[in-house]
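Remarks on the structure that follows.
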Amino acid sequence: GLVLFSHTAYLSTELLSGIKKEVEARRLPPNVAAGMEEFYRNYKNAVFQSGDPAAAETVLSNMAVALDLMLLDVEDPFVFQPYHKALREPFDYYMFGQNYIRPLIDFRNSYVGNLSLFYEIEEKLKQGHNVILFSNHQTEADPAVIALLLEKTNPHIAENLIYVAGDRVITDPLCKPFSMGRNLICVYSKKHMYDVPELADMKRKANIRSLKEMALLLRTGSKLVWIAPSGGRDRPDPVTGEWNPAPFDSSSVDNMRRLIESSGASGHMYPLALLCYDIMPPPSKVEKEIGERRIISFHGAGLSVAPEVAANCEKSEEVKDVYTQALYKSVTEQYNVLKSAIHGKQGLEASTAGIALSQPWN
């Protein structure tokens, strides 16, 4: 064991000195290098928390690939189109993201709520219907967490989900390789619309383009779209430190409803809850600068879906708000069940009449 250990220790020194060399050669900005080093240390600590005997090798192989991809992107930045299809070859960015995040999930303490509804969603997609998942949003790793919790039972969902994504995940060099492996509709978040006032107009135009792309996609049917109508990640309550899903924005929900209704294909809207903030919590406040610090840990995660909420045909503001509240209430209920299971250590016992928890990877 000692030989292997010293070999991996040697390689990890190599990784870090490789980053330093890139900075000295001026191929890598020092702030990005600092982010990479921190990413590496935090990832290593997190994977070691799992107690997996192969932790050292996992960290090295995953980090070596990640750092390579980040360096490649600094040298030759990838530009995302308004609709980005996951890059699967010659290099499979999707599997890279899956393999990278998998060792951070404590599957013994992870749960899926209402697995039967994920099968129902797959059936609807096979019939040519469109499905929208209205979800809370917790971390940059959300797409990987969703896909990992469903990869055994619903690989079709895991690989075909299209994420409505903010511009940060397609501009931060430490994020981009992970984003390249997902299907994305790229939008500028309302929260950051005026960070740089002179770019606001360009951002609005880009958002209109992205909405057009989405309309075209939905017209072909069989599309599965994930959207966080809060417009950003959940944050802890400044007083209690408790995490809850951030409130949904009714205009965001209504835009999606209209797109679905005008697509010509049948459409369904489901509330989805996600609990995984421990794995990679966001900064406690919304930051303007790209390049946040990344804290990482090994932890249980949860995903749940509830029956679809049918939209009322009336289009008054009041009806929009009531509909948005109904989706949000369902997401919060599911979230609380996941919280009891994972944080409250109740496990499968946390199931309720409407939310059946399971561990489909067992």
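The values are calculated or read from the model by the stated rules, or taken from the named source; none is laboratory data. Quick caveat: nothing in here was measured; it's all calculated off a predicted structure. Glycine gets a Cβ as well: all are built from the backbone with ideal geometry, and neighbour counts include every protein chain shown. Surface areas here come from the heavy atoms of the whole protein model, side chains and all, with no ligands, DNA or RNA. Shrake-Rupley method; radii C 1.70, N 1.55, O 1.52, S 1.80 Å.
Do you know which residues across segment 10-57 are of a type in the set (A, V, I, L, M) and touching a residue at least 40 places away in the same chain (Cβ under 8 Å)?
L11, L15, I19, L28, V32, M36, A46, V47, A55, A56
Exactly one condition in (1) in a loop (DSSP other than H, G, I, E, B); (2) without any contact (Cβ under 8 Å) to a residue 40 or more places away in the chain is false for H137; which is it?
It fails just one condition, (2).
Considering only residues that are open to solvent by less than 10 Å² (accessible area, probe 1.4 Å) and assigned to a strand (DSSP E or B), which ones fall in segment 85-133?
I105, V112, G113, N130, V131, I132, L133 - these are the residues of segment 85-133 that are open to solvent by less than 10 Å² (accessible area, probe 1.4 Å) and assigned to a strand (DSSP E or B).
Could you list, ordered by first residue, the pairs with Cβ atoms under 6 Å in which the first is in segment 306-328 and closer than 11 Å to P229 by Cβ and the second is open to solvent by less than 80 Å² (accessible area, probe 1.4 Å) and outside any loop (DSSP other than H, G, I, E, B), at least 6 apart or interchain?
T324/S250; T324/V253; L327/F134; L327/P271
What tally of residues in segment 341-361 results from selecting those that are buried (at least 18 other Cβ atoms within 10 Å of the Cβ) and in a helix (DSSP H, G or I)?
Here the count works out to 3.
Quick one: which of G231, G221 is of a type in the set (G, A, S), under 24 Å from T324 (Cβ atoms) and touching a residue at least 40 places away in the same chain (Cβ under 8 Å)?
Just one listed residue meets the conditions, G231.
Scanning for something touching a strand residue (DSSP E or B) at 6+ places or on another chain (Cβ under 6 Å) and over 30 Å from S340 (Cβ atoms), does segment 63-80 turn up at least one residue?
Yes, the conditions are met somewhere in segment 63-80.
Could you tell me which numbered condition L60 fails, if it satisfies all but one of (1) surrounded by 14 or more Cβ atoms within 10 Å (Cβ to Cβ); (2) assigned by the TED database to the domain that holds K176; (3) in contact (Cβ under 8 Å) with a residue 40 or more places away in the chain?
Every condition holds for L60 apart from (2).
What residue, of P238, P247, is at pLDDT 95 or above, within 27 Å of T332 (Cβ to Cβ), out of contact with any strand residue (DSSP E or B) (no Cβ under 7 Å at 6 or more places or on another chain) and outside any strand (DSSP E or B)?
Among P238, P247, only P247 is at pLDDT 95 or above, within 27 Å of T332 (Cβ to Cβ), out of contact with any strand residue (DSSP E or B) (no Cβ under 7 Å at 6 or more places or on another chain) and outside any strand (DSSP E or B).
Any idea which of F80, F39 is assigned to a helix (DSSP H, G or I) and surrounded by fewer than 19 Cβ atoms within 10 Å (Cβ to Cβ)?
F39 is the lone residue from the list that is assigned to a helix (DSSP H, G or I) and surrounded by fewer than 19 Cβ atoms within 10 Å (Cβ to Cβ).
Could you say which residue among S252, S284, S304 is crowded, with 21+ Cβ neighbours inside 10 Å and polar (S, T, N, Q)?
One residue alone meets the criteria, S304.
For segment 175-196, which positions are modelled with pLDDT of 90 or more and not basic (K, R)?
Of everything in segment 175-196, those that are modelled with pLDDT of 90 or more and not basic (K, R) turn out to be C175, P177, F178, S179, M180, G181, N183, L184, I185, C186, V187.
Taking only pairs six or more apart or across chains, which ones have beta-carbon atoms under 7 Å, a first residue in segment 90-104 that is farther than 17 Å from V59 by Cβ, and a second residue that is surrounded by fewer than 20 Cβ atoms within 10 Å (Cβ to Cβ) and basic (K, R)?
Close Cβ pairs (under 7 Å, with a partner that is surrounded by fewer than 20 Cβ atoms within 10 Å (Cβ to Cβ) and basic (K, R)) amount to Y94/R88.
Look through K152, K191, K203 and report the one residue that is open to solvent by 40 Å² or more (accessible area, probe 1.4 Å), in a helix (DSSP H, G or I) and among the charged types (D, E, K, R).
Just a single option satisfies the conditions, and that option is K191.
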